[in-house]
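Please treat every number below as a calculation from the coordinates, not as lab data. On a predicted model such as this, the values are computed, not experimentally measured, just so you know. All Cβ positions, even for glycine, are placed from backbone atoms using ideal geometry, and neighbour counts span all protein chains on display.
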Amino acid sequence: MKITVWFDFVCPYAWTAQRWLFDVQNELGDDLEIDWRYFSIEQVNKAEDAPNVWEHPNDGSSSTMRAFQGVHAAGKQGHDKYLAYMAALYNQRHIGKRNLGTQQILEETATQVGLDLDQFREDLKSDEVFGIFQNDHTEAVEKYGIFGVPTIMFENEECAYLRIKIGEPPVDAVACWNEFIELVRDRPTILEVKRPSKPTA
């Protein structure tokens, strides 16, 4: 099975889903292939007259783009490094509360996952990911109507935006995954499931 997942490092729900999907993939192995795609909450919420995120200069002024540059540069050293860097960068943001737009954090994360730091620094200078990001985000919005992350899409193009309680990925990862498949991929007439929030005292 192959799925597509749109993500953004700033989103705590995307971080929790990443942890869950990594658990699922660790158990299923080659039976699950994940195509990770870029999506920006900053882009969705920008002012109408503001530049698109991918139109920012390549100077780190957009922490969103800088984070995507970091994971893209990590991927130049192999897919395993891409995944390790993704997980570590998510943790920097949501556990360490760090600013992912800084060179220090990007390099610190690269060292954590064992990247060749000189190569990482060189690859980080590239603006290649700007075009990839534009394509990923634009396709998500214009072709599939995606509005937020994480959004998971199956090969039949049935997809869903998913929110798991922040920081609490399911302990029964594969069982939850199978239930998600049945609800989203196999029941296209189910359009929305949303829990009400109980009023606070």
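Please report the spacing between the Cα centers of segment 40-82 and segment 118-177 in Å, no decimals.
13 Å
Given springs between every Cα pair under 10 Å in a Gaussian network model of the chain, which of ASP31, ASP186, ASP116 has the largest fluctuation?
Evaluated over the chain, the most mobile residue of the options is ASP31.
Can you compute 3J(HN,Hα) from phi for each residue in segment 74-79, using the Karplus curve 6.51 cos²θ - 1.76 cosθ + 1.60 with θ = phi - 60°, rounded to whole Hz and x for Gly and Pro?
4, x, 5, 9, x, 5
Sorted by packing (mean other beta-carbon atoms within 10 Å per residue), highest first, where do 123-129, 170-176 land? Could the numbers behind the result be given before it?
Details: 123-129: 16.0, 170-176: 14.0.
In decreasing order of mean packing, 123-129, 170-176 become 123-129, 170-176.
Give the cross-link partners of LYS198 among the lysines, using a straight C-alpha distance below 30 Å as the criterion and excluding same-chain residues fewer than 8 apart.
Here the lysines satisfying the reach criterion relative to LYS198 are LYS97, LYS165.
Once phi is turned into ³J(HN,Hα) by the Karplus curve 6.51 cos²θ - 1.76 cosθ + 1.60 with θ = phi - 60°, what whole-Hz value does each residue of segment 116-122 show in order, with x for glycine and proline?
6, 5, 5, 5, 4, 4, 5
How far, in nm, would the chain grow between ASN52 and TYR144 when pulled straight, counting 0.36 nm per residue and subtracting the alpha carbon separation?
Full extension of this stretch gives 31.2 nm more.
How many nm is it between the label spots at ASN26 and ASP172, if each spot is 7 Å from the Cα in line with the beta carbon?
Rounded to a tenth, the inter-label distance reads 1.9 nm.
Check TRP36: other-chain or 5+ apart residues with amide H under 5 Å from its amide H, H built from backbone geometry?
For TRP36, whose amide H was placed from the backbone, the distant partners under 5 Å are VAL5.
To the nearest 10 degrees, how steeply does helix 128-144 sit against the main Cα axis of the chain, on a 0 to 90 scale?
20 degrees
For helix 103-112, report the angle its Cα long axis makes with the longest principal axis of the Cα atoms of the chain; keep it between 0 and 90° and round to the nearest 10°.
Roughly 70 degrees, rounded to the nearest 10.
In nm, what is the difference between 0.36 nm times the number of residues separating THR102 and GLU158 and their Cα-Cα distance? Intermediate results must be reported in sequence, preceding the final value.
Details: separation 56, 0.36 × 56 = 20.16 nm, distance 3.66 nm.
Full extension from THR102 to GLU158 adds 16.5 nm.
If the cut-off is 21 Å between C-alpha atoms, which lysines fall inside it for LYS46, apart from same-chain ones fewer than 8 positions away?
Reachable lysines: LYS143.
Which value, in Å to one decimal place, does the Kirkwood hydrodynamic radius take for segment 2-185 when every pair of different Cα atoms is included? Spell out each step's value before the answer.
Values: mean 1/r = 0.0595 Å⁻¹.
Computed over segment 2-185, the radius equals 16.8 Å.
For THR151, THR138, what's the fewest-to-most ordering of other Cβ within 10 Å of each Cβ? Provide the component values of the computation, followed by the final result.
Numbers: THR151 22, THR138 13.
Placing the least packed residue first, the sequence is THR138, THR151.
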